[in-house]
Each structure stands twice: as C-alpha cells, then as structure tokens.
Amino acid sequence: METAEFLTTLDREGRLLAAAAAEAGTDAKVPTCPEWQVADLLRHTGAVHRWAAALVADGHTAPRPLGDGPDLAGAELVAWYRDGHRLLVDTLAAAPADLECWTFHPAPCPSPLAFWTRRQAHETAVHRYDAESARGGTASPIPADFAADGIDELLRGFHARPRSRVRTERPRVLRVRAVDAGADAVWTVRLSTEPPVTSRDAAGDAEAELTGPAERLYLALWNRGPVPSVTGDPSLATLWRETSGI
C-alpha cells in the first residue's frame, strides 16, 4: 500500500472510532480490552495521535515521552479525540516526503513519513474495532490488503524488537497464512529464546499454521478475536495469545 492510501485509511478509521465512541458513551466497557472503558480508549488513542503528530511536525530524531489524556468525559472527551486525530492527519498530509524523524520498529518501510502514516493507520484501525465492540453491532470491515499489511507490520516490526515476549525454550516454527490476500500473504515465524525472526515466505516445515481471511487473522494476532483455523500443534497458537500483547 502507498502512503497516501494509509493516510486515507487513517482519516476514515479515526472518524469511525469517534462515531462509535460517541454512540457507546465514554463510560461503556470495551469487551476487547476488558480493563478499559471507552474513556480510556479515547485518552490512549488521542494521546498517541498527538505524540506522533509532534514527532513528525518537529522532526524529532529521538524518542519523546507519551503524554496522558485529559480528565474529560462524554462529548468533551470525544471532541478532544477528534481534534487530535484531525491534527495527526493534517500533520502527515503536510509533511515533506524526505522527512527525517525517529521511528521505533524495523518493519520494512521506505521512509519515516511512510512509517508513521502506516503505523497510525493500524493503531487507529485496531482501536476503532475496540470502540465498535463497545458500541455493539456489526464492526466496520477491514480490507484484506490492509489487514495483510498489518499482519506484516506486527510480525516483522513489533515482534522483531527485543521486548517481544513470544519466546520458546527450543527452536519452533509457526506459519501464518492469509487465504484472501494474494499468494505472498504468508509468513514463517521462527521462535527461540531470542526475539522472533519472521520472513514473508513459506520456507521449510512449520509445527503449526494459523490460517484464515486476512481480516480475521489481523484481529486474532492483535488478540481481538480467535484464530480462524489452527493446524498442527495448537500450543503455539496458545503461546501467541498468552505472550504477544504489545
């Protein structure tokens, strides 16, 4: 996907998140994040949006602390979230293609601008799903190509970092395959006592395979739903569910 597509997705997902939050109410429970109410979801996502916007706008080349959300509730908190989302979209839209700023995981990306637009699109999509789970009813669909990209970012980005807790005492191999996102939508995850090493291929044998539509796999790998299908050793799917939280 191109940066412009991610920006369009970020814009849409943030608007959907705000609408679902307003409909659910800020004191509603978030089933996909049991410790949260919608207010916590809005404060977290809104703070992340402002943090990312400042990194891009000011060209920070080192990390900056993530701020806290405000002590607001109801319509005022939803409005605060909407303002931060708009600031982020406008900041990314105005940023130069040769932007230089800090990024934080190694998933393949052509530039810092592409990194932040992609990262915030996925951040917002996952939390939009959370907001819609609080509202109830049918969730908005996630296109297969976007979901497959999110799987790639999660496996080759977040879980390539030293802080990933997905570890095994002996080498194990897990495969992830999206059945509706093209022939290359397959990943081989090599597990050990070190951070996972993921390649986008089906090389070698795997002890377990997680398979299904890209949207459902995306949500499952972010621990927002069950894995559609597991073949082979189910303990590797359990390991992922228990240790992969970001």
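Numbers for the structure displayed
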quantity	calculated
Normalised contact order of segment 1-106, rounded percent, pairs of Cα under 8 Å and 6 or more residues apart	33
Nearest 10 degrees, 0 to 90: helix 38-58 Cα axis against the chain principal axis	90
Probe 1.4 Å, all protein chains present, accessible-area order of CYS109, CYS33, largest first	CYS109, CYS33
For segment 181-238: span of alpha carbons on each principal axis (Å, largest first)	27, 26, 20
Rounded percent of accessible protein surface that carbon and sulfur make up, the chain, 1.4 Å probe	52
Relative compactness, the chain, computed as alpha-carbon Rg over 2.2 N^0.38 Å	1.01
Solvent-accessible area per residue, Å², over segment 164-246 with all protein chains present [probe radius 1.4 Å]	48
Packing rank of 177-188, 93-104, where each peptide gets the mean count of other beta carbons within 10 Å, highest leading	177-188, 93-104
Cα shape, segment 1-74, gyration tensor, a/c 1.5 rule	oblate
Computed E for ARG170/ALA62 - FRET, C-beta separation, R0 41 angstrom, nearest 0.05	0.65
In nm, spacing of pseudo-spin labels at TRP102 and GLU194 (7 Å Cα→C-beta vector)	2.6
Estimated inter-spin distance, ALA79 and VAL179, nm [label 7 Å along Cα→Cβ]	4.8
Nitroxide proxy distance, nm - points 7 Å out along Cα→Cβ at GLU207 and ASP233	0.2
Fraction of alpha-carbon pairs over 25 Å apart in segment 1-128 - percent	23
Debye log10 I(q)/I(0) for segment 88-175, one point scatterer per Cα, at q = 0.13, 0.15 Å⁻¹	-0.58, -0.74
Sequence ranges 198-205, 232-239, 39-46, 80-87, ranked by mean other-Cβ count within 10 angstrom, highest first	39-46, 80-87, 232-239, 198-205
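The values are calculated or read from the model by the stated rules, or taken from the named source; none is laboratory data. Keep in mind the model is a prediction, meaning the values are calculated, not measured. No Cβ is skipped: glycine too gets one built from the backbone with ideal geometry, and neighbour counts run over all protein chains shown. When the accessible area is computed, the model is the full protein with side chains, heavy atoms only, and any ligands, DNA or RNA have been set aside. Shrake-Rupley method; radii C 1.70, N 1.55, O 1.52, S 1.80 Å.
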